[in-house]
1. Taking 7 Å along the Cα-to-C-beta vector as the label spot, tell me the LYS490-LYS297 distance in nanometres, rounded to one decimal.
2. Leaving out ligands, DNA and RNA, what percent of the accessible area of region 67-204 is carbon and sulfur, probe 1.4 Å?
3. Could you sort 81-93, 399-411 so that the peptide with the highest average Cβ count within 10 Å comes first and the rest follow in order?
4. Hey, with R₀ at 30 Å, roughly what FRET efficiency would ARG282 and ARG359 work out to, going by the Cβ-Cβ distance, to 0.05?
5. Using 1/(1 + (r/R0)^6) with R0 = 51 angstrom and r between the beta carbons of LEU478 and ALA625, what's the FRET efficiency to the nearest 0.05?
6. Which value in nm describes the separation of the simple spin-label points at ASP554 and ASP289, placed 7 Å from the Cα toward the beta carbon?
Amino acid sequence: MSEGSKKPGSEMGEYRRARGLERHGDSGERLKKTTEGGTIGELMAKIKGSLARRDQVAKRKETPVVVEDKDIKKEAADILAQFGEERTKELRKEAQGYLDDFMRRRKEILEIRDVLSDGIIELIREAHQSSEKESVAFWREIAKFEEEVKKTDELIERLAEQNPIAFEAHWLLKLRGYKKSFERTGIIETDAIRDKSEDLMNDVRRKLEGTNGVVALLGPTGSGKTVLAKKIAAEFSPNGEFEFISAHPKMTAEDLVERMGITVSGIDPEKVPEVIRQAQTRYVLEHPDATEAEKTKDLKTIEDIVNGRESQRVLKTEKILEAVGRAAAEGKLVVIDEFNYLPPDTLASINDLLSSGSRAKKGFGVILTGNIGKTYLKRQQLDPAFVNRILSGTVEYSYPPQELDKSLDNAVTSKEDIELGSKPAERDLFQVALTHLLDKKGNLLAPEAALEQVWKLSQVFSLVQKLAEGKDFRSLGLGGTGLQGVSVFKFETVALSFRNLNQVVREWKLDGFTKPLDWYVWQDIVRPASVLSEKEAAQLYYLFHDWGNLMAGDAWAGVSVDSTTWRLSGVESVRSPKRKAETLKPFLPAEVVRAVSGRELPDFSVSEEADIGRKKETETEAEIARMEKEFAAEKEAFEKEFNIEVFCAKYGEDIPAEAEAVPAN
């Protein structure tokens, strides 16, 4: 791009604002087209017709206070009109140039990342089924590949920081990815969650090898352990197939491994001739004195009986393998979810399969998920011998990080501090919550205070999660606002999970923001908690109300909390608020990205900074070219079968005695 294009100044800023408003207008047009035809369109037309008739009867027409698509478009048009038609075209072309440049390089780097990631998974999966897993050099190579994957992510971040258009696109694409991740797996993989998952997967991989195939993934309820366990099992099992058990206290050893059962069976038609031949041969050997007439008659009878069995089904008693037994027989992983619900003698039934020299096929392993500790109710006391077995295979998994003490605005890092190496405040729980408010394009149309409210909601959730894990709030570095005079919080029955957060935010949105966010916190969290544990419900209300500044309206005027006895009063006085169509604000992409990234957007490079920017861009492109060349070579290597002789010769290792050289393609 020319030097002039590097100095778009305020014009480009105003153009980006106009384009941001147009995005909301485009969303309205898409909704209109979707609802003009088909069943949805017919139903909406019917509803609108009924409303029109109602208004006609009432002789009046109420207009809700909402932002109309035409208002958004008009504001965008007014901004663009200031530049004139020709300058608007120039700005659009210039902005598109920045975007196209970033998107092209981002796409290429992500394709390389996918090739590398898939190759690593395939190599690890193959290694678990062969002798290569004993090679130190092999795992050192895997570690190097994994570091290269992380470098690709860092490279995209550097590309995105070159101008605000690339930065906006980068984060909006991330948010779209979060929504797709939720639809596919039920969990939103923010950067911190993804990094933690990848680290845990590497940890689990090592522990599966070091503990004869058993790993215990431990953490608080609703933190995503089960989803992660399934992901690991799919990647490490042949063909991605694994067994899954949802544990409960009534399970027996027979439910896990194998049981005697009655099956219905018959003779395979293809085997009938051989069965007849064997039966007739046995008859001849056992009846040497039979006459020829008797033999002819009896052999015909045998043939008729066997042929008759082909079409009949008979009952047969035999061993039937259950999930753990099938996994052991087929050499794949089994996930036992909430394993510490199981009685000790039931868990002990899998010890034999996990011991060295067992009948389990190579590749068998067990991933346990559960909650350990006195703060979790209705769990079985674990057998000391089993605890000793899983001790070295224990991996901890927790909730994502979230800054607790700063306001949303104060938690945004300035450009100057970013340049000095400062990192944005942690906000992964906020990113999870905010993702649910956006549409699939990353647009946000919501009440004006929505960002601040969801930020505070995320902070309270994170605080309760930490308290439920047994942490003392006085050690969390909080300013103390709203917590004076309280000595201790204790959550043993209630723990706020991803599911709770998702439910509150999504219900708020799917109700069209016609009721305050407070109502869903009350209805979905505090009120149900009051049935399970009044004291914990009182603590929740206290934190949401006194520390989170939620539930402060007239609807909760009759509710009070005694923080010395943790008694909650006035629950029955709360009534559902009337729906109110309040004004909605079309948030600009820059506003959403600023909040979700936790940093001010970068500037366009100007004057001396332009030279620095161009130099950095050249270095970045050189790095991309280097990585493309390197990854192309790795891709080619992954597509060939692994040659143990070549590998060991390269890294100076002895070839394992049991390994057979596999010729390369």
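1. Taking the simple label geometry, LYS490 and LYS297 are separated by 8.9 nm.
2. Working: 3320 of 6650 Å².
Of the solvent-accessible surface of region 67-204, carbon and sulfur hold 50 percent.
3. In descending order of packing, they fall as 399-411, 81-93.
4. Here the calculated transfer efficiency is 0.40.
5. 0.60
6. 11.0 nm
The values are calculated or read from the model by the stated rules, or taken from the named source; none is laboratory data. From a predicted model like this one, the values you see are computed outputs, not experimental measurements. Note that we place each Cβ from the backbone using ideal geometry, even for glycine, and neighbour counts take in every protein chain shown. Heads up: the accessible areas ignore ligands, DNA and RNA and are worked out on the full protein's heavy atoms, side chains in. Shrake-Rupley method; radii C 1.70, N 1.55, O 1.52, S 1.80 Å.
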